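Below: one structure, written as structure tokens.
The values are calculated or read from the model by the stated rules, or taken from the named source; none is laboratory data. What you see is a predicted model, and the numbers here were worked out from it, not measured in a lab. Here the Cβ positions follow ideal geometry from the backbone for every residue, glycine too, while neighbour counts run over all protein chains shown. All accessible areas refer to the heavy atoms of the entire protein, side chains included, with ligands and DNA or RNA removed. Shrake-Rupley method; radii C 1.70, N 1.55, O 1.52, S 1.80 Å.
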Amino acid sequence: MPMESIPMVRLPAGESIPVMGLGTWHLGESPARRASELAALRLGIDHGLTLIDTAEMYGDGAAEALVGEAIAGRRDEVFLVSKVLPSHATYAGTIEACRQSVRRLGTERLDLYLLHWRGQVPLEETVRAFEELVRLGTIRYWGVSNFDVRDMAELLSVPGGEAVQTDQVLYNLTRRGIEYDLLRTLRAHGLPVMAYSPIEQGRLLRHPMITAVANGHDATPAQVALAWVMARDGVNVIPRAGTREHVLENRAAVDLRLTEQDLRMLDEAFPPPRGPRPLEML
Ligand SMILES: NC(=O)c1ccc[n+]([C@@H]2O[C@H](COP(=O)([O-])OP(=O)(O)OC[C@H]3O[C@@H](n4cnc5c(N)ncnc54)[C@H](OP(=O)(O)O)[C@@H]3O)[C@@H](O)[C@H]2O)c1
């Protein structure tokens, strides 16, 4: 059966990105796995998973270098996301970190550049650096990651802060805290959520309820975990897959529709939050 085309999620700037992309944490760190990981990334792009998430932190640049190799000759097919470490997020530090990231990625520009998490540098200073990078053409858009409701409110109050495009946060069946408040806050500003660790780094794969739902669809637990996140409006997922088999399995989850009954069963096993919870991070 041919796969359906990938639904898109809209950024405030008006551009749309695929509801599923490719994560890269820990990719590029093992020479023995390199060929498999490169093949996995390339196959993902072939199948429409053209949003690639990486960071200067991952393998100290090794993931960016691997992505650079995977996208060589096809840069324009992908929407490339990388992140600056909070310890580099001064004005000059952000500009230099970005210069290094684009060099490792073998490109001249990033599509989206995120502050990896909140650090000590005033947000206003990092935002000024992002604005300069946009002016220079080194990045097209910028955003944040691991920002909770208060961080977001503060960001939106600094000069230029309203140009933020997304908040990349931990979100999966076992990490539903953002449904209480952050998700609503982001939606109110037209901001999509980029959900990281959507299968909880593999820890969701053996849960009996997820397995039961998967069995009902002739699907796998990973597919159910991914479909559950993608069923939310304005949320995209960036699972990491180091093999071609996992990429294809994850891609097929885009076409999996969970029923009302599935969602009820999953709510019972993984109840939604009843009050505010601090944002969790991995
Ligand atoms: N902003 C942040 O602070 C932050 C934090 C964490 C992650 N992230 C981003 O989000 C991405 C995803 O999160 P993650 O890597 O932490 O965890 P994840 O995507 O939830 O899980 C990755 C693990 O699941 C396995 N896997 C993938 N597809 C599978 C399938 N179909 N069946 C069985 N196992 C499967 C992978 O194994 P194989 O490698 O063998 O395929 C890997 O061990 C990261 O790679 C990174 O890009 C961002």
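Packing order of peptides 143-154, 218-229, highest average first: 218-229, 143-154 (average count of other Cβ atoms within 10 Å over each peptide's residues). The charge dipole of the chain, taken about its Cα centre with unit charges on the Cβ of Lys, Arg, Asp and Glu (plus for the first two, minus for the last two), comes to roughly 200 debye.
Compared with the alpha-carbon gap, the fully stretched path from E69 to L136 is longer by 21.7 nm at 0.36 nm per residue. Note on segment 108-147 and segment 167-192: Cα centroid distance 20 Å, given to the nearest whole angstrom.
Pick out, in residue order, every one of the trypsin sites (Lys or Arg not before Pro) in segment 53-86 that is DSSP loop and has at most 13 other C-beta atoms within 10 Å; say none if there are none. Hits after loop and neighbour filter: R74.
Against the empirical curve 2.2 N^0.38 Å, the C-alpha radius of gyration of segment 1-151 lands at a ratio of 1.04. Here the dipole of segment 131-214 is about 400 debye; that uses its Cα centre as origin and unit charges on the Cβ of Lys and Arg (positive) and Asp and Glu (negative). For S157 and R10, a Förster radius of 22 Å and the Cβ-Cβ distance give a FRET efficiency of 0.40, rounded to the nearest 0.05. Here segment 128-236 is treated as an ellipsoid with the same Cα gyration tensor; its semi-axes, largest first and in whole Å, are 33, 15, 11. Counting only protein heavy atoms and a probe of 1.4 Å, the accessible surface of the chain is 51% carbon and sulfur. Taking amide H atoms as placed 1.01 Å from N in the peptide plane, list the residues 5 or more away in sequence, or in a different chain, whose amide H sits under 5 Å from that of Y141. Correct list: L112, Y113.
Semi-axes of the equivalent ellipsoid for segment 169-282, computed as √(5λ) from the eigenvalues of its C-alpha gyration tensor and ordered from largest down, come to 22, 16, 13 Å. Rg over Rh of segment 98-176, using C-alpha atoms and the Kirkwood radius, what does it come to? Using only Cα positions, Rg/Rh for segment 98-176 is 1.00. Here's the picture: a label point sits 7 Å out from the Cα of R99 along the beta-carbon direction, and within segment 117-137 the residues with their amide nitrogen under 13 Å of it are 133. Ligands, DNA and RNA are left out, and with a 1.4 angstrom probe the accessible area of segment 33-73 is 32 Å² per residue. Model label sites at D218 and R203, defined 7 Å from Cα along the beta-carbon direction, differ in position by 3.3 nm. Only helices enter the 222 nm calculation for the chain: every DSSP H run of n ≥ 4 contributes -39,500 (n - 2.57), and dividing by all residues gives -11000 deg cm²/dmol, rounded to 500.
For segment 137-282, averaging the sequence separation of C-alpha pairs within contact (under 8 Å, six or more residues apart) and dividing by the residue count gives a relative contact order of 27 percent. With the simple model of a label 7 Å out from the Cα in the direction of the Cβ, R277 to L248 spans 3.6 nm.
Across segment 1-140, C-alpha contacts under 8 Å between residues 6 or more apart give a mean separation that, scaled by the residue count, equals a relative contact order of 20 percent. Could you tell me whether the chain comes out rounded, prolate or oblate from its Cα gyration tensor? Rule is a ≥ b ≥ c as square roots of the eigenvalues, rounded for a/c under 1.5, then prolate if a/b exceeds b/c, otherwise oblate. The shape class here is oblate.
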